[in-house]
Each structure stands twice: as structure tokens, then as C-alpha cells.
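Down below is the structure, laid out as C-alpha cells.
The values are calculated or read from the model by the stated rules, or taken from the named source; none is laboratory data. As the structure is a prediction and not an experimental result, all values here were calculated from the model. Heads up, the Cβs are rebuilt from the backbone with ideal geometry, glycines too, and the neighbour counts pull from every protein chain shown. Remember, those area values only see protein heavy atoms, side chains included, never the ligands or the DNA or RNA. Shrake-Rupley method; radii C 1.70, N 1.55, O 1.52, S 1.80 Å.
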Amino acid sequence: MTDSPLPSVNKVAPGGRLLVIGLGLIGGSLSLAARQRHLFSEVIGASRSPETLRKALELGVVDRVESDLPMVLASLRAGDIVVVGVPTLTVPKIIAQLQEYLPPEVSFTDVASVKGSIVTAVKAIYGTVPEQFVPGHPIAGSEKSGVSASLPDLYDDHRVILTPLAATAEVHTARVRAMWSGVGATVSEMSVEEHDEVLAATSHLPHLLAYSLVDTLASMEENREIFRYAAGGFRDFTRIAASDPIMWHDITLANSAAIVEVLDSVTSHLQSLRTAILSGDSEHLLGVFTRAKEARHHFQIMLDNKAYLQTMDSTEIQYRVEAGGVLQGQARVPGDKSISHRAIMLGSLAEGITEVSGFLEGEDSLATLQAFRDMGVVIEGPDKGRVVIHGVGLQGLKAPAGPLYLGNSGTSMRLLVGILAGQTFDSVLTGDESLSTRPMKRVADPLALMGAEIETGEGGTPPLRILGNHSLQSIDYNLPMASAQVKSCLLLAGLYANGETSVTEPAPTRDHTERMLRGFGYEVKTDKGRVSLNGDGVLQGGPIDVPSDISSATFFMVAASIAEGSDITLSHVGINPTRIGVINILRLMGGDITLLNERLAGGEPVADIRVRSSVLKGIAIPEEQVPLAIDEFPAIFVAAACAEGTTLLTGAEELRVKESDRIQAMADGLAILGISAKPTADGIVIEGGQIQSGEVDSLGDHRIAMSFAIAGLRASGPILIRNCNNVATSFPGFVDVSNSLGLKLGEVNQ
Ligand code: S3P
């Protein structure tokens, strides 16, 4: 289905007239809206009922009324529009009159809820579909009916579906489209068949069920008693059973085949619920209810046309951290962001069920989850870190209805584009202000070498448009930069390529994609810096235990190191060797860090990390540690500000293209807090000193916000941090965990 761009109302020929035949709620509201908005030179109403015509005039629904239909039809000219607004089964009678009297240059459309039967009737009467006929269906209405129920704003923000046929001339479609957008509707187009299937499921069946439930309850002996208590659920569910019976009789018979098909599915679904109830099968019941609840939530967001990340649009959150504090105790920080993204992606592309525990319920990984739901994957949860993904297989994704919105999440976008390059459908990826400035050529260029076609925004940034149906060729690619996102993107595209795809990296980067692919039974070879896989395999879903994110644990590792007298343990943290740069660097600076209970969880090494305070000293950070600590530098800079002497970072130009330019953002903030921090092209030079009180801006970058929060532990007075909403992208609950360990951190809503 495509939402057509709204043509200007002027496309309705000046001086054009509108004739509405049948002045019920739909026809009457259209007449009234068109009249009030001056869309036509004249709005004429026709009806079999003199009483309706009288009321229509009295209520100002039309300019004039006409009871002699043949005469008014014959008087119409090019630029005029006829709308057939009578009940579905009466439409053929009117069409017969149109065929006899309406000049061929006059556009005509209908408003019936079923399109197949109308098109069949038109073909039978005209012998072929005339080019002036534009089948249409406004998705609006209410349980009220008749001309006196007419509302001038009935179509505002409602959809109208047009189903033009091959024979329909564009000039007529454009005219009808302009009429509907002129009365406030959003106009979409789809095929007749698609329309009837979609409407059978979303409109016709719900009406049938509502009528059936009320009729069943009404015929029960104790019906009086039942209805006395029938508030809540009954009222919500059966509102539409007050709709016009003739109309629904007609619709049901006109779309019988599609309705019976979906009715059969619901009947067998109800039968299996019945069996589950009788046998006390809680899992079945819970499965149905959770899936339905999630799907309902998802549809609501689509219906409301809202971004998934609602909290992100809300008012600015600021942090205020009081000076000083000692960290004590134990905490478990949220799940690993990188692994959570990959669990959703690979779980969706796998065969069978993937059950994830420890999933990060942060905005970034939720954006990935939402994207896969938008592509038809059933995903239950998240519920306290538990997510159940019903994999659709490598070829099972469906075209999303609109652009996939990925919020702040670079990982979602860069990894997804690799998967989408291998699909048969086109897709569009968009993001928030920060993501919309981030470099995407690093993935688009090598994917183009594989045969993909990807359009980027100006300067190689999002939005990305990925054209489907391009068969992918494998490549041997030398990564120009150490980036796990680019590596992962190409490996995921390699799943769809013929032959062996290999990626050689200049330095080791996080290898979660490789590990998880192997965990799903997919062969991935690693030979020094070269990773390779063959296309055309199968992923087999299974359980995934997501460890706590070492990037989130970092804030407390630094915090406990710099706050004198601290001693904390962070449990179940991922210590994948490609992620432990922060531990290596803090230890080089004199940090006191002990790994306890080292073990494997779902293919990833984990440990409990004990951190005690220590006197840190400045160092030259070894460049090979940079990719292993790439997300941890903002916090490491705070450690450097509290260390004795100079800390020098080089070889880290990648930091300039993260959620913010992290070198500049930290240098600016530290300078405000009285620390000498000189940015260089690829790093920074920081002199340890006394952190002062002040007001800094995180620039909407979650890691900058959290880094300045822990700086408060060694500050001489409070620090105010602006733009902290995005902490929710990676660390929901940061304020609570911080305070439970001993920070004095509060949120200030603006
Ligand atoms: C990530 C890789 C890193 C990192 C990002 C997550 C991943 O980016 O900064 O937060 O999950 O693959 P690059 O690989 O582009 O450095």
C-alpha cells in the first residue's frame, strides 16, 4: 500500500460540481465537509427518500437536492464528480443508471466497504471497467447512521482507500483523490483484492463478532441480569454492534469469501483456546494473551502515528549531582546493548524460537525490536529482560508498511542495512537528529561492492533507502577502520550472498556477531584478523543469556576507583576479550579491579567485577586498547581528570563520529569544570586536577551524561548536566542504580 502525496485541492477542476447519491452518514458527511470547505461550485444531493432530501436541505448538508436522477446525471460535465453513497447491495442499481445517463468524461466513485463485488457489478453493467470509475472506501463512520448524523469533520485524519484498476484513467483518480484530501482524509491506494482481505480482517470480522456476542448474550435466559452488569469489557467490545444492520448485512454477503476465510482462522483459534482452558494449559493462554497485548500496543503506536521512543520527545531531563560520596555494595547493571541488538536480529532470522533473558530494555535495543516487529516477526515481551522471538527464517521478513525508525541507534541502522540489502523488498531507515548526522557510507560503499543498491542522504548520512531484489555477491573486504558495526553489517549481508564473504579488520573489534552466529549453528571462520562465512546457511534459534553491559558497568568502575573508601561488586558483567579495554586501561592507571567467578554464559565470558578505590595516575593509553574500549572513553576521561599527571589518548578519531563528537563534548565539559583537557585530531590530552562545580551539556549523548554524573564524586560542588534524556537508550534506571551504590544524583525535569 502506498500513501500518495496529497495533490492540491485545486486539481478538482474549478467550477466542478459534486453529486452525492445517497445521503447517509458517509455521503452526508462528505457533502457537508465539501460544502463547508468550498471544494466545489455546487454540492447536489440525490436520494430516493423525500424525507432525507428535506432534512439534507434543512441541515445545510447540500446546496440543492435532486429527485430526478437521470436528468441530473445527464447534466454533468468533465470536472464534476459523482459519489455513489448507497448501501453496498444497492450500488449495482445506481451503476445501471450511471451507465445509461452519465457522460463518460465525468468521474465517479463509490464508498462501499467491499470493492470486489462493486467492480464485478460495474464490469457486468458496462461490459468493461470504464476509465471514469475510481473505486473508493473511506475508513470512517460511527455506529450512528442517516443524514442527521452527518459530521463536517468525519474524515479529518481518517484514511480513504482508493483501488483504481488498470483501466481507470489517472485524471479521474487524481480528481477523486483531491476531493478526499480536500475534506481532510489521508488517501492510500491498494489493489481490490488486498483491500477486501484487509477489511475482512480488520473491520468486517470485528463487526460480526460483536453482533454475535450481543445476540448470544441477549438470547440467554438470564439476559436481564447479564446486561445489568455488562459494563467495561462488554461495552468496549460491542460498541459496533449498534451499527446499521442493513449495511452490515450487505457488506457481509458482498465480501463473503474473504470473511469466511478469516472467520475460519478465528474459529480454530477459539477452539484451541477452549482446549487450553479445559486442560489448564497456562502456557498456551499466556502465550496468546502476551502476543496479543504486544501486538495491540504495537498497532496503537502505528495508529497514533507516534515514534516508538515516546520518552525521547518529552521535556528535557537534567541531572544534578551533589559533590562527594563513597560507593559501597553490589549492583547488576542492565543487559549488554550490542548483544541485545544481535539477539533480536539473529533470533528473528533463525528457524524456531529464541528465548532471551537479560535483554536490555533500553531505547536503542527496543528500536531494533520494533523494526523486526514492523517486518512481521512476532516478538513477545520484553518483560523483565525476557523476550521470546518467533523466528521467521532468513527469507521470512515481510516488507514494513513505512520507514523503520531507529531513534538514536547507530548499531541498529548499520547492522540492519546489511540484512535489508539481502531482502526482496525496498526499505527506508530513519533516525533522530543525532543518528541523521552519522556516517553511513562506511556500510553503503562495501554493500554496493556486493551488488546492493543503497541511497543515502546528502553527505552519506541517513535516511537510507535500500532497494530490494538485488542478488548479493560475496566479497573480500579490508576494513578501512576498526569497526564492529561495519564488520557485522557485511557478515549479515554475507548470509544472503553467494559464496564466501570475508572481512579483514585492522585491529580486533567486538566479536559478538561471530559468537552468536556460531551459537545459532552457523559456521564462521576466524583466522587472525580475517572473519569469513558462506551464504545460504540456516540459523537455528535457541536460548540466549545476555550478560550485563561492561559499557554500563564502566561508569561505576570509574566511580569506585575515584571515590576514596569505595568497594563495590558489579555482578554478571560481560568480559569478552574484545570489550575489556576499560579494565586494561584502568589497571594501567593503577586501578584496583578483581574479576571473580569467571564463567561462560551463552557463549560469552562473564564475571563479577570487584572495584576498590585507588590513587590513579595519568598514562599514555596504548593505541591497541582503543577499539577494545571505544565506548568507554568519556568515563575514562573522568578517571584521567582525577588522576595524578597527564593522560594522553591517540588513535581515537572514531570518537568524533559517535552519538556526539565525544572528544569535543568531553573537552568542553571538563574545561567548564576547571580541568585542562586539550582535544587533538585523534584524541585528547588531560591533566589531572580538582573538578569544580558547574553546568555542562551532554549534547544528548548518553555516555557523556553518565560520565559527568560520576565526576560529581570528586567535584568541589554540585554539577548540573543538561540533555540527559538519551541515557534511556542504553541504561534505563541509571539514577536508581547510582544512588543505590552511593552517588547523590537526581533528575530535574525542565
Ligand atoms: C557497536 C560497535 C561500536 C560501538 C557501538 C556498538 C556494536 O561501534 O561504538 O556502541 O554493537 O557493534 P563501531 O564498531 O562503529 O566502532
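Details
- Within the range 502-514, considering residues that are part of a helix (DSSP H, G or I) and closer than 13 Å to residue 532 by Cα, the one nearest to the ligand (Cβ to nearest atom): 513
- The range 445-472, residues that are farther than 13 Å from residue 419 by Cβ and assigned to a helix (DSSP H, G or I): 445, 446, 448, 449, 458, 459, 460
- For the range 609-622, the tally of residues that are in a strand (DSSP E or B) and surrounded by fewer than 19 Cβ atoms within 10 Å (Cβ to Cβ) stands at 4.
- Within the range 121-141, not a single residue is of a type in the set (Ser, Thr, Tyr), in the same structural domain as residue 80 (by TED's automatic domain parsing), in contact with a helix residue (DSSP H, G or I) (Cβ under 9 Å, 6 or more places away or on another chain) and closer than 25 Å to residue 206 by Cα.
- Selection within the range 142-160 - within 30 Å of the chain's Cα centre (by Cα) and in a loop (DSSP other than H, G, I, E, B): 142, 153, 154, 155, 156, 157, 158
- Hits in the range 644-679 - residues which are open to solvent by less than 50 Å² (accessible area, probe 1.4 Å), away from the ligand (no atom under 16 Å from the Cβ) and in contact (Cβ under 8 Å) with a residue 24 or more places away in the chain: 645, 647, 650, 669, 670, 673, 675, 677
- Remark: residue 499 falls outside the filter, which requires a residue to be modelled with pLDDT under 95 and away from the ligand (no atom under 14 Å from the Cβ).
- Qualifying positions in the range 60-75 - closer than 16 Å to residue 27 by Cβ, open to solvent by 60 Å² or more (accessible area, probe 1.4 Å) and at pLDDT below 95: 67
- Single unsatisfied condition, residue 699 versus (1) open to solvent by less than 40 Å² (accessible area, probe 1.4 Å); (2) in contact with a helix residue (DSSP H, G or I) (Cβ under 7 Å, 6 or more places away or on another chain): (1)
- Here the range 41-59 is the region considered, the condition is being touching a residue at least 40 places away in the same chain (Cβ under 8 Å) and hydrophobic (A, V, I, L, M, F, W, C), and the residue that is surrounded by the most Cβ atoms within 10 Å (Cβ to Cβ) is 56.
- Test: residue 459 is away from the ligand (no atom under 16 Å from the Cβ), open to solvent by 10 Å² or more (accessible area, probe 1.4 Å) and either out of contact with any Lys or Arg (no Cβ under 6 Å at 6 or more places or on another chain) or not aromatic (Phe, Trp, Tyr) (or both): yes
- Any hit, the range 267-282, residues being out of contact with any His (no Cβ under 7 Å at 6 or more places or on another chain), β-branched (Val, Ile, Thr), in a helix (DSSP H, G or I) and surrounded by 12 or more Cβ atoms within 10 Å (Cβ to Cβ): no
- Considering residues of the range 525-560 that are among the polar types (S, T, N, Q) and surrounded by 23 or more Cβ atoms within 10 Å (Cβ to Cβ) only, the residue farthest from the chain's Cα centre (by Cα): 554
- In the set 168, 163, only one residue is among the hydroxyl-bearing types (Ser, Thr, Tyr) and either over 29 Å from the mean Cα position of the chain (by Cα) or at pLDDT below 90 (or both); that residue is 168.
- Residue 152 meets all of the listed conditions (1) more than 22 Å from residue 34 (Cβ to Cβ); (2) surrounded by 14 or more Cβ atoms within 10 Å (Cβ to Cβ) but one, namely (1).
- Residue in the range 370-383 that is assigned to a loop (DSSP other than H, G, I, E, B), over 19 Å from residue 485 (Cα atoms) and of a type in the set (Asp, Glu) present: no
- Residue 458, sole failed condition from (1) farther than 21 Å from residue 665 by Cβ; (2) touching a strand residue (DSSP E or B) at 6+ places or on another chain (Cβ under 7 Å): (2)
- Considered as a group, the residues in the range 325-339 that are part of a helix (DSSP H, G or I) and in contact with a Gly (Cβ under 8 Å, 6 or more places away or on another chain) include one that is farthest from the ligand (Cβ to nearest atom), and that residue is 339.
- The listed residue being more than 12 Å from the ligand (Cβ to nearest atom) and closer than 15 Å to residue 342 by Cβ, out of 546, 486: 546
- Conditions (1) β-branched (Val, Ile, Thr); (2) touching a Lys or Arg at 6+ places or on another chain (Cβ under 8 Å); (3) surrounded by 24 or more Cβ atoms within 10 Å (Cβ to Cβ); (4) within 30 Å of residue 382 (Cα to Cα): number failed by residue 748: (3)
- Of the residues in the range 526-538, at least one is outside any strand (DSSP E or B), closer than 30 Å to residue 474 by Cβ and free of Cβ contacts under 8 Å to residues at least 12 places away in the same chain.
- Residue, farthest from the ligand (Cβ to nearest atom), within the range 389-414, restricted to residues that are in contact (Cβ under 8 Å) with a residue 60 or more places away in the chain and under 20 Å from residue 292 (Cα atoms): 401
- Residue among 327, 397, 366 that alone is open to solvent by 10 Å² or more (accessible area, probe 1.4 Å) and either hydroxyl-bearing (Ser, Thr, Tyr) or more than 28 Å from residue 659 (Cα to Cα) (or both): 397
- Candidate set: the range 621-643, residues that are among the acidic types (Asp, Glu) and within 14 Å of the ligand (Cβ to nearest atom); chosen: the one nearest to the chain's Cα centre (by Cα): 631
- The set of residues from the range 157-190 being open to solvent by 50 Å² or more (accessible area, probe 1.4 Å) and either among the acidic types (Asp, Glu) or out of contact with any strand residue (DSSP E or B) (no Cβ under 9 Å at 6 or more places or on another chain) (or both) comprises 157, 166, 170.
A quick yes/no check of all residues on (1) free of Cβ contacts under 8 Å to residues at least 24 places away in the same chain; (2) in contact with a helix residue (DSSP H, G or I) (Cβ under 6 Å, 6 or more places away or on another chain); (3) of a type outside the set (A, V, I, L, M):
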position	(1), (2), (3)
549	no, yes, yes
559	no, yes, no
572	no, no, yes
611	no, yes, no
617	no, no, yes
622	no, no, yes
637	no, yes, yes
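- Residues of the range 474-485 satisfying the condition of being open to solvent by 90 Å² or more (accessible area, probe 1.4 Å) and either touching a Cys at 6+ places or on another chain (Cβ under 6 Å) or assigned to a strand (DSSP E or B) (or both): 476, 478
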